[in-house]
Structure formats: C-alpha cells, structure tokens
Amino acid sequence: MKIRRYIGKDTHEAMKKVRVDLGSDAIILNTRKIKQKGILNLFSKPLVEVLAAVDRVAQQEQESAVKPIYDKKPDIAIKPKIAETRAYSMQANQGQLSYVDKLESRVNHIEVLIEKIYTQMHQEKSIGLDGVESSKHLFNSENTEKISKVIKVLSNNLLHNNVEQEIVNEIVQVIKKDMQNASTVNDVAAKMYHYIATTLGDPSPIGFEGQKEDGKNQRIILFVGPTGVGKTTTLAKVAAIAAIDHHKNIGIISADTYRIAAVEQLKTYAGIIGAPVKVIYSPEEVQEAISEFSDKDLILIDTAGRSHKDEQQFGEIKNILAQVEPDEVFVLISLITDYNVCKEIIKSYDFIKDYKLIFTKMDEASVNGIILNICKMVKRKLSYITTGQSVPDDIEVINIDKIAKKLLGSMQL
Ligand SMILES: Nc1nc2c(ncn2[C@@H]2O[C@H](COP(=O)(O)OP(=O)(O)O)[C@@H](O)[C@H]2O)c(=O)[nH]1
Ligand SMILES: [Mg+2]
C-alpha cells in the first residue's frame, strides 16, 4: 500500500493530481481543507488536501501491463527512486543483495571518488584552510603537493556539506599524523573515508526478528522529537514495514492529543495496516494501554512534538519513560533544521539514557553535514533516514558508506 498526500486549490485539482499520479484505482482516505501558512495568506481561500492510497501490487501489475516486453532496463532507469530505496532498504540490511544493490555498490566504489578528486584538483580554488596549508610542510617528497591538494579538495567538500570547521580541522590533523612520504592519493581518501565512517558508526535498525535478551518477544518503541519532524509519518512507515514485511502484530499508542488532526492522521495509517490505536490523555495511562496490547509483537508509541524549549513536554516524555522501559527510543531530527537549533534539540534529549537517531527529510536537504556533526557531538547510534512523505516507501536503514562518500565526494566548490 502506497499512501500519498495531494494538495490543490480545490477538490477537483487535488483529485486530478491523484489520478495522474496513482491512476484510477486510487482509494481516497481522507479529504480536508488546510489553511495556507503566513500572514499574507490569512484571508486567502483554504487549499484542499487529499490523502490517497493505491495498492502497490495492483499498481505494479498495471505498470508492467503497459510495459513493452522487450523493455528490460527501465526498471532501474525509470524508477531511480525505487531503485535507490530498494538498494538501501531493510532487505539489504538482511544481506539479500539485489542486482541494484550490487550495481550501486560497484558504482559507488571508492575509486569513483578518487576519479572525482583528480578532476576536482584541476579546478580547485584555494579557500584558505589552515590545517591543510600547513600540511605541505610535512612532506618532502614530490608526492607532497599532490597529497595536500587532495586533502584540501576533500576538506572543502566536507565544509561545503556543512560539516563543522572544527571537525574538518580535526580530520585533517589526524590524516596529517598518519601520512607517510610514500602515501598515495588513495590512502588519503581512504583514511578520510575511514575516519568519517567510524565516527558515524554501524547502523542500528530495529531487530524485528531477533530474540530479545529478556526472553520476552514484545518490543516497545517510542518516537520523540520536535513538532513536524516526521514522528507520526515515520512511525507509520515502521508500522507498515513491520506488518507487511515481518508479519508483526502491531499496537499503536498515541500520546499526542494536542492536535486532533494528529490522532486522526495516525488512525488513518493504522487503519490501512489493521493496527489498533489507543489514545492516552496522560502519561499515567500508558501502562494500561500497554497491558491491553499484551498480545502484540510490537507496540509503537507516538508522542507530541513541542518546542524543545517546552519543559512540560519533556515532563511528559520523562513520565512515560518512568513507567515504561521501551526497548528502543528514537529521537528524530530533521535534516533541514538549522544546525544551531539541532544542537539545542540534541542537548534537550540528553536525559534519555539510551536512544537512537533517525534523520528525516533527507529528500529536502541539500547537504548532510549535520549527521556527522551530531555524531561527533553525541555518541548515539544511527538507525534510519527518511526520504519523503510516502508511507511506507520513504524510509531506509542509514547507509554509512553512502553518507561518507556523499560528504567527501560532493562536487560543489
Ligand atoms: N519531505 C519530507 N516530508 C516528510 C518526511 N517525513 C515526514 N514528512 C512530512 O512532514 C510533515 C510533518 O510530519 P508528521 O509525521 O506529522 O510530524 P510530527 O509532528 O513529528 O508527528 C508532514 O507533512 C509529513 O508528510 C520526509 O522524510 N520528507
Ligand atoms: Mg505527530
């Protein structure tokens, strides 16, 4: 099941978009009027939002029915989004390498990076990196200039990806210490890559199938984060994957009663995968809700997002944590958040003993330096990234290799 949101100036326009995108088999889940944000829109007509779904199997059948039989390649070419999602999907994490996975990993091989570096070296303009400039004095061989140029190119890329200057300097220092006269350009790129990949750590997704240490098989997962970061959408994606791919029996608890629409949104998603939703109005009710879900394999708890400066909201999360010991807590951070705000958000969740990070809205972010910056700041495990509004397609186990190469290999100057 694929769920999408469409917005139009009236129902007719929104429905037209649904038909163009999802075809005539689309099911309309919800229609509502939404006010446009901003002072200038105060008196403008509300827009119409339509939540529509289509059965993916039916849609795929429809697509393959119109595909010419000799046409084999476009599966990858026409649907890069799907290919990419699949390549780093949860199945990939379970070691089932598809054709696309193999292709992608080959293309992404470190040598591609080296090639890019060589090209970039010819175009490089100096932006005055202290650490990089001084690295020249370290090497006496003819290799020296080449090495320091590569360090400069890669450092520039990190900076252009919004990796913090301090972190870039630290990486440069480490590389400089490690380099020897015989070091090659490949060594530099590989060492930088290694430093970043190690800092990011191994991804830690939900172990849907694994046996728990305490012998119990029920897993409780809590989602927290600022308003609008994507908690409810991400929970719905996780729920759908758990139900569809792992055949889990799921119960959902919503502690977000501040916005009526939030509960409705969750119920819509839950209804599609057939998972019951219990709404709790105070943290004290969470235990009762959990005991009513004693037959469930997986309980997902959605919380209210408020400003990270809102003490009351943290009081509620603390209260929930005092009563439930979740197996996992996920803190969600949007990649389109200003990094200084991110730092404050991260600090405000320090009270949670053990949590993992989910980065949302990668599709909207032009650079991903925040991921490395946060990993340097807090030693928390990374789990997923989300890449759009579509449930359940737009979520992937974070691919460290891909992120590290993206940070190093950017061609922006
Ligand atoms: N572009 C993009 N939008 C997203 C993503 N995840 C969620 N959203 C959208 O962000 C908005 C807020 O999401 P919601 O789940 O309600 O956030 P919550 O307040 O944290 O529960 C909705 O319009 C979602 O469709 C994502 O990965 N990419
Ligand atoms: Mg929500």
Computed for segment 146-296: size of charge dipole around the Cα centre, +1 on C-beta of each Lys and Arg, -1 on C-beta of each Asp and Glu, debye to nearest 20, value 640
Segment 219-397 accessible area per residue, 1.4 Å probe, protein heavy atoms, integer Å², reads 38
Accessible-area order for Tyr339, Tyr269, largest to smallest, probe 1.4 angstrom, reads Tyr339, Tyr269
Per residue, accessible area of segment 156-204 with a 1.4 Å probe, heavy atoms of protein chains only, in Å², comes to 47
Computed about the Cα centre, the charge dipole of segment 219-397 from +1 Lys/Arg and -1 Asp/Glu charges at the Cβ has a magnitude in debye, to the nearest 20, of 500
Honestly segment 186-243 on the Cα gyration tensor test (a ≥ b ≥ c root eigenvalues; a/c under 1.5 rounded, otherwise a/b vs b/c for prolate or oblate) is just oblate
Carbon/sulfur accessible area of segment 164-236, % of total, 1.4 Å probe, equals 46
Rh_Kirkwood(segment 219-397) over Cα pairs, Å, one decimal, evaluates to 16.3
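The values are calculated or read from the model by the stated rules, or taken from the named source; none is laboratory data. This one's a predicted model, so the numbers in the text were calculated from it and none came from an experiment. Neighbour counts run over all protein chains shown; Cβ positions are idealised from the backbone, glycine included. Note: areas computed on protein heavy atoms with side chains; ligands, DNA, RNA excluded. Shrake-Rupley method; radii C 1.70, N 1.55, O 1.52, S 1.80 Å.
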